[in-house]
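Engineer: Here it is: the structure, laid out below.
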Amino acid sequence: MAHPAETLWVYRNQETQNSHELPVYRASGGYQALERALNELAPAAVLEQVKASGLRGRGGAGFPTGLKWSFVPRETSEPRYLICNADESEPGTFKDRYLMERDPHLVLEGIALASYAIGAAAAFIYVRGELAEAARRLEEAIHQAEAAGYLGERMVGTQTSLKVTVYRGAGAYICGEETALLNSLEGRRGHPRLKPPFPATHGLYQCPTVVNNVETLANVPLIVQNGAEWFRSVGTAKSPGTKVFGVSGRVRHRGNYELAMGTPLSTLVYGCAGGMEDGYQIRAIQPGGSSVPFMTPDQIDCPLDFESVSEAGSLLGCGSVIVVDQTMSIVEACLILARFYHHESCGFCVPCREGTNWMLRILERLVAGQGTAADIDLLYEICGSMLNRCFCPLGDAAAMPVQSAIERFRPEWEHVVRHGVDSVKSNVGATLSGH
């Protein structure tokens, strides 16, 4: 059951029985926006409506969606493509998987509207390989939509056609980066591309391409159906609409919650998620997934929108809120993250390949009780050498959490060097003095 603090827009069908079936989706108003757009609106009108809504990407970067679409050249003889980035692989993230499994037609309608707006006749859904059920549900939904005339040739009786194809990735985190995704989709190794040129002009097969996240596209039918002002009626001026936040850690009710942008973090953690389990306390929080800087417990009332979280020294990212409790040292938390990013680095550029390797070695040394105070400074220096110097954002994702942890929890790092990791961890029910 939805929490009173929630505003259910893209998640409105999550608890409806058989919500993945076409008749159920249509009963909730599904595909009405697509029918209206194809029969009454020009592609440019759909684009302008999305631009006026202020919808920003829900995959992490928060770039204005309508503006991104407008970069695609209108006058071109080349084919244009729409890519749905469903390679959900950020640790602690599971919001897009639920959308694809429980409301695949909403995602497909968003894909169809976005494709119409940019003039694409082919769209691809790049699904992370491990999300087998999501891929199956999407393929079933595509067949249902094609049989009903919502996809394929002459959609809803018009001259517009769209072929949607599900492509299963091989489970590489780097392929969540849009240009690495494009290389993978072309059958190449998932290495990022140099930008510029950008995908809007040189994307899939070097043709104009838009890459949007699952949740981003799921918002499009709602905007087209209800209007830009309706969408802006919720959220903040610069971050309008809702956002799905996933909460993991020692909270009572782990899961996904859809909230208006600007809702305080405390409402999500203590309201929707029910607060901490008995005996557990918050040590640190990552508000946007494993790739963003840590926040401290005294920042728990920070509004959850792009600007406010940035002002607090972190990033909203994909909205995956990771709560670290007092039974884990912040140094251990950084080690877990470092292992992940070292494993997932594609090795394409030196700062990331070498930086993630040395970060991991130093953190392992510190946790093993063999580190020195100089190691803390060296680790911080390595993070600084990686930030804004790697070929793609993966290096930044590896460095930002560790750099912030050293800046905001420096006394704990020094305590670990002197007395070991266990000395800064509290047993459940105990209070760690000085933290």
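Engineer: State, in angstrom, two size descriptors of region 330-424 derived from its alpha carbons: Rg to one decimal place and Dmax to the nearest whole number.
Structural biologist: Computed over the Cα atoms of region 330-424, radius of gyration and Dmax are 12.5, 39 Å.
Engineer: Shifting gears a bit: Starting from the Cα of residue 63, step 7 Å toward the Cβ, then list every residue of region 41-57 with an amide N under 11 Å from that point.
Structural biologist: 57
Engineer: With Rg/Rh (Cα atoms, Kirkwood Rh) as the read-out, I listed (1) 0.94; (2) 1.15; (3) 0.99; which label goes with the value calculated from this structure?
Structural biologist: Calculated Rg/Rh (Cα atoms, Kirkwood Rh): the matching label is (3).
Engineer: Just give me a number: lysine pairs in the chain, eight or more positions apart or cross-chain, with C-alpha atoms less than 26 Å apart.
Structural biologist: Qualifying lysine pairs in the chain: 14.
Engineer: Expressed as a rounded percentage, what relative contact order does region 330-424 have, with Cα pairs under 8 Å and six or more residues apart?
Structural biologist: Once divided by the residue count of region 330-424, the mean separation gives 35 percent.
Engineer: Mind giving me the FRET efficiency for residue 354 and residue 165? R0 is 56 Å, r the Cβ-Cβ distance, nearest 0.05 is fine.
Structural biologist: About 0.90, to the nearest 0.05.
Engineer: Using DSSP, restrict attention to beta bridges with both residues in the chain and report what percent are antiparallel, rounded to the nearest 5.
Structural biologist: Of the beta bridges lying entirely in the chain, close to 40 percent run antiparallel.
Engineer: If you don't mind, another one. Please report the net charge: other residues with Cβ closer than 12 Å to the Cβ of residue 98, K and R +1, D and E -1. Walk me through the numbers before you get to the answer.
Structural biologist: On the way: positive: 95, 97, 102, 137; negative: 15, 88, 96, 101, 103, 133, 215, 258.
That sum, taken over residues with Cβ under 12 Å, equals -4.
Engineer: Select from 150, 72, 46 the residue farthest towards the positive end of the dipole of region 22-232; place +1 on Cβ of Lys and Arg, -1 on Cβ of Asp and Glu, and compute about the Cα centre.
Structural biologist: Value: 72.
Engineer: Here's a follow-up. Dipole size in debye (nearest 20) for the chain around its Cα centre, Lys and Arg Cβ +1, Asp and Glu Cβ -1?
Structural biologist: Rounded to the nearest 20 debye, it is 520 debye.
Engineer: With 10 angstrom as the radius, rank 3, 105, 253 by how many other C-beta atoms surround their C-beta, starting from the fewest.
Structural biologist: Numbers: 3 17, 105 27, 253 13.
Ordered from fewest to most neighbouring Cβ atoms within 10 Å, 3, 105, 253 come out as 253, 3, 105.
Engineer: Related question: With each pseudo-label sitting 7 Å past Cα toward Cβ, what's the residue 388-residue 2 distance in nm, one decimal?
Structural biologist: My value for the distance between the label points is 4.2 nm.
Engineer: Out of region 131-209, which GluC sites (Glu not before Pro) are coil in DSSP terms and have no more than 14 other C-beta atoms within 10 Å?
Structural biologist: Taking region 131-209 and a limit of 14 other Cβ atoms within 10 Å, the loop GluC sites (Glu not before Pro) found are 153, 186.
Engineer: Under 10 °C and 1.306 mPa s, how fast does region 199-330 diffuse according to Stokes-Einstein, given a Kirkwood radius computed over C-alpha pairs? Answer in µm²/s, whole number.
Structural biologist: Numbers: Rh = 16.0 Å.
For these conditions, the coefficient is 99 µm²/s.
Engineer: Additional query: Skipping prolines and chain starts, which residues have an amide H placed within reach, meaning under 5 Å, of the one on residue 255, given they are 5 or more residues away or on another chain?
Structural biologist: 247
Engineer: What does the net charge come to around residue 294 if you take all other residues with beta carbon closer than 14 Å to its beta carbon, with K and R at +1 and D and E at -1?
Structural biologist: -2
Engineer: I've got another one for you. For each of 9, 358, count neighbouring Cβ atoms within 10 Å of the residue's Cβ, then give the residues from fewest to most.
Structural biologist: Numbers: 9 21, 358 17.
In increasing order of surrounding Cβ atoms, one gets 358, 9.
Engineer: I need to check one value: relative contact order of region 242-325, counting alpha carbon pairs closer than 8 Å and at least 6 residues apart, in percent.
Structural biologist: 36
Engineer: Next up: Pairs of Cα atoms under 8 Å, at least six residues apart: use those to get the relative contact order of the chain, whole percent.
Structural biologist: That works out to 16 percent.
Engineer: Same structure again: Taking Cα centroids, how far is region 91-138 from region 264-335 in Å?
Structural biologist: 28
Engineer: Continuing with the same structure: Where does the charge balance sit around residue 391 when Lys and Arg score +1, Asp and Glu -1, over other residues with C-beta under 12 Å from its C-beta?
Structural biologist: On the way: positive: 193, 195, 353, 389; negative: 177, 396.
Counting the neighbours of residue 391, the net charge comes to +2.
All of the numbers you see were taken from the coordinates with simple rules; none came from a lab. Quantities reported herein were computed from a predicted structural model and do not represent experimental measurements. Cβ: placed from backbone, ideal geometry, glycine included. Neighbour counts: every protein chain shown.
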